[in-house]
6 protein chains.
Amino acid sequence: MRGFLIGRFQPFHEGHQTMVERIAPEVDELVLGIGSADQSHTMRNPFTPGERIMMITKAVSKLDLTTYAVPIEDLNRNAVWVSHVQSMSPHFDVAYSNNPLVVRLFEEAGVEVRSTPMIRREELEGSEVRDRMCRDENWESLVPDAVVEVIDEIDGANRLRQVSDSDANGA
Amino acid sequence: MRGFLIGRFQPFHEGHQTMVERIAPEVDELVLGIGSADQSHTMRNPFTPGERIMMITKAVSKLDLTTYAVPIEDLNRNAVWVSHVQSMSPHFDVAYSNNPLVVRLFEEAGVEVRSTPMIRREELEGSEVRDRMCRDENWESLVPDAVVEVIDEIDGANRLRQVSDSDANGA
Amino acid sequence: MRGFLIGRFQPFHEGHQTMVERIAPEVDELVLGIGSADQSHTMRNPFTPGERIMMITKAVSKLDLTTYAVPIEDLNRNAVWVSHVQSMSPHFDVAYSNNPLVVRLFEEAGVEVRSTPMIRREELEGSEVRDRMCRDENWESLVPDAVVEVIDEIDGANRLRQVSDSDANGA
Amino acid sequence: MRGFLIGRFQPFHEGHQTMVERIAPEVDELVLGIGSADQSHTMRNPFTPGERIMMITKAVSKLDLTTYAVPIEDLNRNAVWVSHVQSMSPHFDVAYSNNPLVVRLFEEAGVEVRSTPMIRREELEGSEVRDRMCRDENWESLVPDAVVEVIDEIDGANRLRQVSDSDANGA
Amino acid sequence: MRGFLIGRFQPFHEGHQTMVERIAPEVDELVLGIGSADQSHTMRNPFTPGERIMMITKAVSKLDLTTYAVPIEDLNRNAVWVSHVQSMSPHFDVAYSNNPLVVRLFEEAGVEVRSTPMIRREELEGSEVRDRMCRDENWESLVPDAVVEVIDEIDGANRLRQVSDSDANGA
Amino acid sequence: MRGFLIGRFQPFHEGHQTMVERIAPEVDELVLGIGSADQSHTMRNPFTPGERIMMITKAVSKLDLTTYAVPIEDLNRNAVWVSHVQSMSPHFDVAYSNNPLVVRLFEEAGVEVRSTPMIRREELEGSEVRDRMCRDENWESLVPDAVVEVIDEIDGANRLRQVSDSDANGA
């Protein structure tokens, strides 16, 4: 059985890691759908899809679970979003989400949805990690070691700090 | 003479119905342009274009007036919006609107615009209907019977209630 | 029961009219999906979506059947095409098509498909009508009277003749 | 040596004029990139790209400097924004900007960036000019004479006043 | 009076130069609309919009005529093409074209169109210039000196030769 | 060192497998970029991006090489294609391609390119595999066993056979 878990993974942190570990016993394979894949270099979405693919792949490589990291670009058309996800992803039998819109869209399309009890923690942690990067505080303890390496390699914390001063492209 | 009336119709309610009835004596045919047609499953735009086409067609079918329900997708380019509308719609001689931007765009394109005195009530009612759906209060009295049937058939009030808890796609 | 019939309707002709009449006894309501809705002013797609909505609405108005004329813009992503159609259209129970790709896409999405035996004639007639318009021959006998009126009103045959000399925008 | 300066130029005002004059001695030619080119008829972006091209071309024509006014449409994908700019613009050796995001994007792409100390004044002035237009106060003193002429010719202040009452397309 | 001339200018050659010189006495200012602006690095469209802006600006700079070089991206929606052009360009009173589709679109929008008798030569010359570049023959005699310089600076003939071996992106 | 190899992988076949094996000794990690990711259900591009991700991941899983399968949607703007690829992919040091356009685009962007001598065989084999599927001949011998399983699971050969009869969406 194959599961699907959507997130923005900005960045992939310990909350995600724990969630994947809890889902692992329920599935044979797990697709990690990288939402808002077309966004990067903003306070809310600092990392490119390629950078997030690398974080996820490195972080979950030691788990005894076949995983796929699949970028999902925003379509801004909720009515076709499930089809879009299904075409970008290997076929999955169950979707994991606590987001009410995501749950509703999968349910209307007849896809089984299971809740991920940790989603609140997950949401908070993403924002907390980014805030700490901006303030140059200890964010490293909140993400897996493999992700720290990726972020350091791409000078990620500095990028976040720099773009957090902007509010718009151009002048 | 053919008229054009733009709205989001989320949903089509009694305020719209009254507006159409008042415009009816001035025109031979009336096009109802369904704005933000690509949006659905959000608090502000819960219903798909197809669902809104059905609401409108059912609600105005008893009027002695030839009507067309035409979805108009957002382009996010005001400068070509009038051409976009004109290509999607049967040719019209006069546009009805109180929205200052819409009025300006039609005027710059040389299209006659007439005001719809009830637009304020219309705007308020759309929001009121959606709020009542969310709170599970009596929204049915604010929309035509034919629209109640459509919304019930698609489980519309529950959809609105569910997505009103979300603020973003994914996690 | 509601049916769905896709076509480009460039223009709506007697073959379409016959097809609708044959489908009519099988359904309560029929949606006519106007494919390639964003295309116009070319040899293959001379008429705008608005013009085609008008042709269809006028031509089928005398049938004892509730119909909807719904523009369907090309997405160029086959994998989400069915969802796109379903969101633009009132809900339908069965799709009518003989196009192998359309049949496959609906089948993969679990939608019942019925064949329309006249599709070949339909395809040929659309091209025949346009060719006659270009050569200024008798095209009027191939389309319903209501459609002749619409095409005359928009100077349609001249448009087709003129654009048939072009091969590309600009120079 | 060719420089590149990005702005929205809504409208081109004295702050921009001064900035161009200060950059002039450092470069042989200067490209003025018109950001958010696809936006118009809003409070924040009242003027079309064509109108802004005309303002800029007229205003800088007396300078002893070859200039290019190049519209840059928003892509909403920061990761390809520099390539997009580079393809739309004549080749440039140095970019002028104080916007932290713009600076970061150019730096990651290996493009030399120089700061424009007046950018804060520039930002404030654009907003001030538009506010004065809305309140029908003296905005003319804040923009070059050539720009006043262009805005008057297109009835620009009235447009801004009118759209400032709107908050959304349609109703 | 301001005129508008659309072309792809791949590259700007002597035929274009002659056309501009013939139009010059009829207008005060001339906009050169660069069609298919989003295309580059193909046999038919080798040069980027920025490169074409530079060619045009250099080539016409000695004429006693105010000119604007304005990129026009393809929309693939003929019905809104004129609005798109009008928003990207300074306002113009007359459009110059011999392309039947372009003529038709402008006429339907109520814009005066004048023919450019040299359009056939222009079309042929663009293709001839590109063929000579591919075969490493004498293309320089067909384009203005200023354009030769631009093409040499960007290694343009080699680019064309190289991409002419491709038929598709990827493998 | 990380390499990047672009292909459409319709489907991933023995030629691709051999190519990956030959590249393996030169790199530490290899990104397989899935071109034309938005295309599916056509004769030339029968499989969705999700299906191709699964094929590739299964086929290369036994190699002693870290690989990434990354969908790359077509942009139809060659000038930003390299940036697009770089943002979607983990950072790479060298790109492998024999396609002259791809080589040119990477070279203009300053990316090292190495040729893949087998590209001709690869191109031919993709087309050969699809032709055999259509004719119901032995295609299985041309693709890795893991890919045969994926294609069987999704009823892929039948899909290809069915869509090969179509030439266009709708009628």
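A point 7 Å from Cα along Cα→Cβ stands in for B:GLU107, and the other copies hold the same point at 3.3, 4.7, 4.7, 5.8, 5.8 nm, listed in rising order.
Evaluate peptide F:49-57: per residue, the Cβ atoms of other protein chains within 10 Å of its Cβ; return the mean as an integer.
Values: counts 7, 12, 5, 1, 7, 7, 1, 0, 5.
Mean shielding count: 5.
Look at the alpha carbon pairs under 8 Å that are at least 6 residues apart: their mean separation over the length of chain E gives a relative contact order of 28 percent.
In chain B, the DSSP beta bridges split such that about 0 percent are antiparallel, to the nearest 5. Peptide E:152-164 has a mean shielding of 2, counted as Cβ atoms of other protein chains within 10 Å of each residue's Cβ. Scalar couplings 3J(HN,Hα) for the stretch D:100-106, obtained by applying the Karplus form with A = 6.51, B = -1.76, C = 1.60 to θ = phi - 60°, are x, 5, 4, 4, 4, 4, 5 Hz; x denotes Gly and Pro. The Cα atoms of the stretch B:54-102 give a gyration tensor whose axes a ≥ b ≥ c have a/c of 1.5 or more with a/b greater than b/c, which makes the shape prolate.
Structure remark: mean-square fluctuation, Gaussian network model of chain E, C-alpha springs under 10 Å; the largest value among E:GLU149, E:GLU108, E:GLU51 belongs to E:GLU108. Build a GNM of chain B with springs between Cα atoms under 10 Å apart, and of B:PRO71, B:PRO46, B:PRO25 the one that fluctuates most is B:PRO25. Could you tell me whether the stretch A:2-166 comes out rounded, prolate or oblate from its Cα gyration tensor? Rule is a ≥ b ≥ c as square roots of the eigenvalues, rounded for a/c under 1.5, then prolate if a/b exceeds b/c, otherwise oblate. In terms of gyration-tensor shape, prolate. Each copy carries E:ASN138; placing its label point 7 Å along the C-beta direction from Cα gives inter-copy distances of 6.0, 6.0, 6.5, 7.7, 9.2 nm, listed from smallest up.
Electrostatic tally near D:GLU107: other residues with Cβ closer than 15 Å to its Cβ, Lys and Arg +1, Asp and Glu -1, net -1. Dividing the summed helix terms, -39500 (n - 2.57) for each DSSP H run of n ≥ 4, by the number of residues in chain D produces a 222 nm estimate of -13500 deg cm²/dmol to the nearest 500.
Springs between alpha-carbon atoms under 10 Å, Gaussian network over chain F: tell me which of F:GLN17, F:GLN39, F:GLN86 tops the mean-square fluctuations. Among F:GLN17, F:GLN39, F:GLN86, the largest mean-square fluctuation in the Gaussian network model of chain F belongs to F:GLN86.
Peptide A:100-110 has a mean shielding of 5, counted as Cβ atoms of other protein chains within 10 Å of each residue's Cβ.
Between the Cα long axis of helix B:49-60 and the first principal axis of chain B there is an angle of about 70°, rounded to the nearest 10.
Distances from E:GLU26 to itself in the other copies, using label points 7 Å out along the Cα-Cβ axis, amount to 4.2, 4.4, 5.7, 5.7, 7.1 nm in increasing order. Listed by chain and number, the lysines placed with their C-alpha closer than 29 angstrom to that of A:LYS62 are F:LYS58, F:LYS62; residues fewer than eight positions away on the same chain are left out. Between the alpha-carbon centres of the stretch C:56-129 and the stretch B:34-48 there is a gap of 23 Å.
Chain E comes nearest to the axis taking it onto chain F at the Cβ of one residue; that residue and its distance, in whole Å, are E:ASN76, 6. In units of the rule-of-thumb radius 2.2 N^0.38 Å, the protein assembly as shown shows an alpha carbon radius of gyration of 0.94.
Principal-axis analysis of the Cα atoms of chain E puts helix E:119-135 at an angle of about 20° to the longest axis.
Bear in mind that the values in this text are calculations on the coordinates, not laboratory data. Computed from a predicted model, the values in this text were never measured in an experiment. Cβ atoms come from the backbone with ideal geometry, glycine included; neighbour counts cover every protein chain shown.
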